[in-house]
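Have a look at the structure below before the remarks.
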Amino acid sequence: MKGHEKLTLLLCLIWTATILYGEMFSFYMPFLFSCSWPHLSSSSSSDSTMNGKGYAADYVKVAVIADPQIMDKTSLRLPSKSLALEFVQFYTDLFMRRAFFSSILPFKPEVILFLGDYFDGGPYLSDDEWQESLSRLKHMFGLNTEEIHSTVKVYHLPGNHDIGYATLQSHKPEVVRRYEKEFGSRNYQFMVGKVEFVAIDAQTVDGKQEANQEGSVASATWNFVSNVSSDRQLHPRVLLSHIPLYRRDWTDCVPHRGSPIINQRIRHNIYDKEVSYQNYITEESSNQLLNLIRPVIVLSGHDHDQCTVTHESKGGPVTEHTLGTISWQQGNLYPSFMLLSARKTPLSDTSLPEEAVLTRLCFLPMQTHIYIWYIVLFVLTILSLLLWPTSGLSFCHHQFDDMVECVRKLINIYRDGTKEKNEDENYEYEMIWGADGSMHLVKKVLAQPVTRTNNIGPVERGNAVMRATAKKSVNQLTEVCLSMETNADSEVDPKKLPPRASKSKAKMVIQRFVRTFRMLILIAAVNVPLYMMFLFKDWIDK
């Protein structure tokens, strides 16, 4: 097998391994290696009932997902049916579908909790566009499959990209109606095991100008919070808020944060001074929510990056986990999801309330890095095929061996020159040039043997005088060095070759491009069908 053919085989195997990892195995890594349920072999709960398989059996398994924010015409300001937008949408949706079916579902969660922002421009989409985005959302997360409906409970939380803030909800009530028709109430509570989850429409809590108006969206949220606080609290509570609670500027988000800290930003409408955007709930509203609901932990999204902070409340410190987006197109290089374990049985008198809810953050493949590696590998493939020498890397090794052999024979010739056999004196050597331009020494028998007087006596023939040992030396030296030159590769130093043997540079360049194209076709013939198979396999309905 030639050198460039071996290189092609090696590159083909590298591409196959790269595609297998980037398109399949990387999505199994969270389940196989990097993540697990927080209650597995948990030592935080001393009274856990062990089922004999090495983990606590009294927890409900909950998968938490934040900010899919599927792309639409408002995302990149491209026409809704343009090829560029559909291309980006396909690969963004494909990543989240793979993440859900290959990274999350293998954990076999009993509950799936979405923390809002399913759409990117939800309030500004027409009904047809909204329904089309909804179909994509259901396809990505299997919400239209029997497997999810029959075995998994799904809960939803509204986000600002779904229904907007208080002022938009008031001016466009149809946006709220179509959301509630599909996903249910914006403010509600539900039980998972022995843990109570309280979901609120966080986009309305700071709509203060409407708070005193009966029937307004802001008053509806605060009335719900008041009713929850008036109930007797029998179980630990988890507060679900799409928008994170207030935190001081430059608050540390611990090691999981991937981007710089974002401080509080609030924008108001010019006319009614209502909130049109905010990074966090205001400090006053945050304290009120913590004191009324009294949660053990808070889960939020909106920020698209991971952050864990501790708030102070009347009931003591409360930890808030802000989840990063599950999409690789929303500004986070490290998409993530959370595994949450909610206790099935009541806490004992000696247990801490925090032990009722255990959490673990899990990271998905870095899709941006995978695509960058694809590009780098493609460039390296082109350069390798173009620049790879015809004789392969063994050329320099052979040249070095030939030179060493030539030197060795020269040393032996001059060291043993005085020990030549006497019969060599009875011959003469004649130089003959061949038709191809090469020189040959022909050995001929003398008509009359030469009488040798001493070892260094000359041998005469006509006007030429040549010692017998010199004749032998010339013959051997010529054979060795000509052999070495003949074996040299013509592409390495074409100037040293006879003009008839050298190739034109243009022809060499064309041959290399043709060889590179042929080798690329072979690599693509194996790996492009493999890549397309993964695309269609992961996108079709399961």
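The values are calculated or read from the model by the stated rules, or taken from the named source; none is laboratory data. Quick caveat, the model's predicted, so the values are computed rather than measured. Because the Cβ atoms are built from the backbone with ideal geometry, glycine has one as well, and the counts that use them run over all protein chains shown. To get the accessible areas, we keep the full protein, side chains included, count just its heavy atoms, and leave off ligands, DNA and RNA. Shrake-Rupley method; radii C 1.70, N 1.55, O 1.52, S 1.80 Å.
Brief remarks on what is shown
- Answer from Trp15, Trp37 - the residue that is within 29 Å of Tyr334 (Cα to Cα), out of contact with any Phe, Trp or Tyr (no Cβ under 8 Å at 6 or more places or on another chain) and modelled with pLDDT of 90 or more: Trp15
- Single residue of region 110-140 satisfying the filter (aromatic (Phe, Trp, Tyr) and under 24 Å from Val64 (Cα atoms)) that is surrounded by the fewest Cβ atoms within 10 Å (Cβ to Cβ): Trp130
- Condition check for Ser103: among the small types (Gly, Ala, Ser), within 25 Å of the chain's Cα centre (by Cα) and in a helix (DSSP H, G or I): yes
- Only residues that are at pLDDT 95 or above, over 17 Å from Ser219 (Cα atoms) and not aliphatic (A, V, I, L, M) were counted across region 184-201, and they come to 4.
- The listed residue being within 30 Å of Phe101 (Cα to Cα) and touching a Lys or Arg at 6+ places or on another chain (Cβ under 7 Å), out of Arg343, Arg257: Arg343
- Number of the condition not met by Asn263 [criteria: (1) open to solvent by 50 Å² or more (accessible area, probe 1.4 Å); (2) at pLDDT 90 or above; (3) over 22 Å from Asp201 (Cβ atoms)]: (1)
- Within region 355-376, the residues that satisfy the criterion of being farther than 14 Å from Gly324 by Cα, surrounded by fewer than 17 Cβ atoms within 10 Å (Cβ to Cβ) and not β-branched (Val, Ile, Thr) are His369, Tyr371, Trp373, Tyr374.
- Meets criteria (in a strand (DSSP E or B) and surrounded by 14 or more Cβ atoms within 10 Å (Cβ to Cβ)) for Leu385: no
- Restricted to region 229-260, and to residues there that are open to solvent by 40 Å² or more (accessible area, probe 1.4 Å) and among the aliphatic types (A, V, I, L, M), the residue that is farthest from Asn332 (Cα to Cα) is Leu234.
- Selection count, region 124-143, where residues are without any contact (Cβ under 8 Å) to a residue 40 or more places away in the chain and not in a loop (DSSP other than H, G, I, E, B): 5
- From the list Leu289, Leu299, the one residue that fits, being on the phi < 0 side of the Ramachandran plot and in contact with an Asp or Glu (Cβ under 9 Å, 6 or more places away or on another chain), is Leu299.
- Residue in region 212-225 that is open to solvent by 60 Å² or more (accessible area, probe 1.4 Å), within 31 Å of the chain's Cα centre (by Cα) and farther than 20 Å from Val318 by Cα present: no
- Residue among Glu110, Glu146, Glu174 that alone is farther than 22 Å from Gln329 by Cα and touching a residue at least 24 places away in the same chain (Cβ under 8 Å): Glu110
- Boolean, Pro79 is open to solvent by less than 60 Å² (accessible area, probe 1.4 Å), in a loop (DSSP other than H, G, I, E, B) and either closer than 25 Å to Tyr179 by Cα or modelled with pLDDT of 95 or more (or both): no
- Against the test of being within 30 Å of Thr18 (Cβ to Cβ), free of Cβ contacts under 8 Å to residues at least 60 places away in the same chain and not aliphatic (A, V, I, L, M), the options His304, His369 yield a single qualifying residue, His369.
- Checklist (1) under 16 Å from Thr167 (Cα atoms); (2) modelled with pLDDT of 90 or more applied to Ser285, failing item: (1)
- Which numbered condition Pro158 misses (of (1) at pLDDT 95 or above; (2) open to solvent by 50 Å² or more (accessible area, probe 1.4 Å); (3) touching a helix residue (DSSP H, G or I) at 6+ places or on another chain (Cβ under 9 Å)): (2)
- Scan of region 83-101 for residues that are among the small types (Gly, Ala, Ser) and open to solvent by 10 Å² or more (accessible area, probe 1.4 Å), ordered by number: Ala84
- Region 269-347 holds strands (runs of 3 or more DSSP E) entirely within its bounds, and those carrying 1 or more residues that are open to solvent by 10 Å² or more (accessible area, probe 1.4 Å) and farther than 28 Å from Pro255 by Cβ map to 275-278.
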